[in-house]
1. Could you list all residues from the range B:221-241 that are at positive phi and surrounded by 15 or more Cβ atoms within 10 Å (Cβ to Cβ)?
2. How many residues are under 8 Å from B:I178 (Cβ atoms) and of a type in the set (V, I, T) when one looks only at the range B:222-245?
3. Which one of these does A:H189 not meet: (1) within 10 Å of another protein chain (Cβ to nearest Cβ); (2) outside any loop (DSSP other than H, G, I, E, B); (3) closer than 28 Å to A:S99 by Cβ?
4. Given the conditions (1) surrounded by fewer than 21 Cβ atoms within 10 Å (Cβ to Cβ); (2) among the hydrophobic types (A, V, I, L, M, F, W, C); (3) outside any helix (DSSP H, G or I), report the number of the one that A:I137 does not fulfil.
5. Go through the range B:22-45 and count every residue that is closer than 12 Å to B:Q95 by Cα and of a type outside the set (G, A, S).
6. Provide a single number: the residues in the range A:10-22 that are out of contact with any Lys or Arg (no Cβ under 8 Å at 6 or more places or on another chain) and modelled with pLDDT of 90 or more.
7. Those residues that are of a type in the set (A, V, I, L, M, F, W, C) and within 14 Å of chain B (Cβ to nearest Cβ), I need them from the range A:192-213; list them, please.
Amino acid sequence: MSLIAYRDDKLIPAPQMATVIYDLSKLRGVNEDRLLKGTGIFVSDLKRVDTKFSPDQILRLLTNYRALMPGHNSAFLLGHRLFPTLNTSLNASLIHCGSLQHAFRVLALVRQQLCPFVHGYFHKHKDKGYFLLNDAIGCGDLYHYILEIYCTAFISACKTLVGKRIPFSFAFPFSRPRHIEEYEKNLGHRLRFDEPILSINFDLRYLETELAMPSRLLQRSAKQLLSKNNDLHYSFVEYVRNLIYFHNFNLTQTAEKLNMSPATLKRRLKQHDTSFQQLQDGVNQQKAIFMLRVKSMKNEAVATQLAFNDVTNFRRAFKRWTGVTPNQLRFS
Amino acid sequence: MNFSLLFSHFRLLTFVVCLFFVGLLLSIGLGEPKSPSDIEWFDVVGEGGITLMTLIWLFFLLLSRPPGRVTLLLVVGLSCFMLSSLIDLLDEFIQYPATMWLSLVESIPAPIGMCLMTWALYQWHQEQVVLNNQLKRREYYYREHTHVDFVTQLNSADYMRDRIQQLLDTRHFDFSLIMLDIDNFNAFNKEYGDEDGDRLLREVSELIIMNIRQTDTACRYAGDRFIILLPHTTNSKARVIAKQIRNAISHLAFKPGQQGDAVFHTLAFAAESPKEKDNTDNLLSRINRQLESQKQFV
């Protein structure tokens, strides 16, 4: 069985997130006691490289950071500092890939290390690739802010890997923010808001793009080091979502797979700000919207794909998830 | 609140405190307390309020202004007024013997203080004219301190959006915008650290200010992206100015750290002018798009 990271497991190395947050707030004159208040993190922890924090602690730190930093750009500022990390084998496993496609494959393996809060599913349709993003740990109100951080980190890391910019398009499920200039500056001008699902898409031909420093040997050794150190985990919410997404597991099957009782699973999910029903609806909703909107599939076909008995049931469920009918969504 | 200026006024602070106690001691020392039934509480509240407000004004004055002639005049004037109002307040509680010179002390400082303050406000106006001149090219007929960016001390994108909206609302379509973006700024930031990154942004913004005309206004848009408003300017003229700025910045030999070797920077720019039916958002998104097409792609 794979290793699973819960939100109170101390797995995120200090230099990855906490130290960067601390440094940036110092630079902007933020009081360090107020920054660390209620997080259980001490300055002395930050001075040691081997300290690790839980996602919970980092979320609390981010809440303080967001409130205390002046200006609108604190998330974007942080996003640019997240890659390369202090973990050299992690960096090397990506930097020495041959192509962007290769790098994305490795990213899927090491994502938990780089970005414990957001995970995604990759789809191809016609000449486009789509990352559909999801909350991996239960970020609550901070999810929007965390998306700003990691979308910036993604763009910034791709620029570091390739050496040039690649035109990515973003679709956000929220309305146009007031500080649109930060989005334009950090993510590019291909932005759409008020979309039904969150996605990053790009032209598939960019997958062939060569990276700046390819080396098969270095890349392989880096990957070996990573798996030897047992650094590769799944976030809990992500793991459950994957079981639903790929295997269509129900609550009992999932609990069995995780070696826990359904009651414990429910309690655990509640700790992560979600429920099994919510995850199941989320997965189906995302799949349905993708099939309707991007693949332009017929209602019947989507209903079959999602294992609904008939179209009426699917239409009713869809209305419950999104508030609109499949046809309304298609033509909006 | 920032208290750093308060401590640079040690002498003025002592003066205000001394004057306050002089007023207090004179009244208490020379008079007899009134019986509680004689006290007019309505007057106490009114006069007490005036004294308290004057003290608060003095506090903010000392907190906000650097030492100088205008500050001295303002503080002395306001302190005289404070002395009068203090004695006025105290005589609600204290009975003075008739034909007492203290009643003179009550009425004389106030008019003197008022005259001093009037003169000081005129001086302050003169000072502000000079300061406004210094701020030229950083603001456009409107001041809003909450929009000033922490790093560069330029106004922010919000400020620029409001100014553009104002021009469009009043149907002034003869302006142009320039947007500038430093190449590889993030790579520089990663290599040399955020402190040097911030310093570079400050120095670039100074250079931009130096290279624009008296009527133009520069703001920080986001990150290392700047935007300049050029009223009554054609697009081609704006491009000429943008090229001059690019030229100036390419010659900036920025020395990172304490004694680092020079690092040179290039920048990309875009220039746009509004069309009849434009709103602020699509004008800005057009210029952003244009700028990105200038940037190097795969």
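1. Of everything in the range B:221-241, just one residue is at positive phi and surrounded by 15 or more Cβ atoms within 10 Å (Cβ to Cβ), namely B:G223.
2. Residues flagged as under 8 Å from B:I178 (Cβ atoms) and of a type in the set (V, I, T) within the range B:222-245 amount to 4.
3. Result: A:H189 passes all but (2).
4. All conditions are met except number (1).
5. The number of residues fulfilling the criteria is 8.
6. The qualifying residues number 5.
7. Matches in the range A:192-213: A:F193, A:F202, A:L204, A:L207, A:L211, A:A212.
Yes or no, residue by residue, for (1) more than 26 Å from A:M17 (Cβ to Cβ); (2) of a type in the set (K, R); (3) in contact with a helix residue (DSSP H, G or I) (Cβ under 9 Å, 6 or more places away or on another chain):
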{"site": "A:K124", "(1), (2), (3)": "yes, yes, yes"}
{"site": "A:L132", "(1), (2), (3)": "no, no, yes"}
{"site": "A:S156", "(1), (2), (3)": "no, no, yes"}
{"site": "A:F170", "(1), (2), (3)": "no, no, yes"}
{"site": "A:P177", "(1), (2), (3)": "no, no, yes"}
{"site": "A:E182", "(1), (2), (3)": "no, no, yes"}
{"site": "A:Y206", "(1), (2), (3)": "yes, no, yes"}
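The values are calculated or read from the model by the stated rules, or taken from the named source; none is laboratory data. These figures come from a predicted structure and were not determined experimentally. Cβ coordinates were reconstructed from backbone atoms using ideal geometry, including for glycine residues, and neighbour counts include every protein chain displayed.
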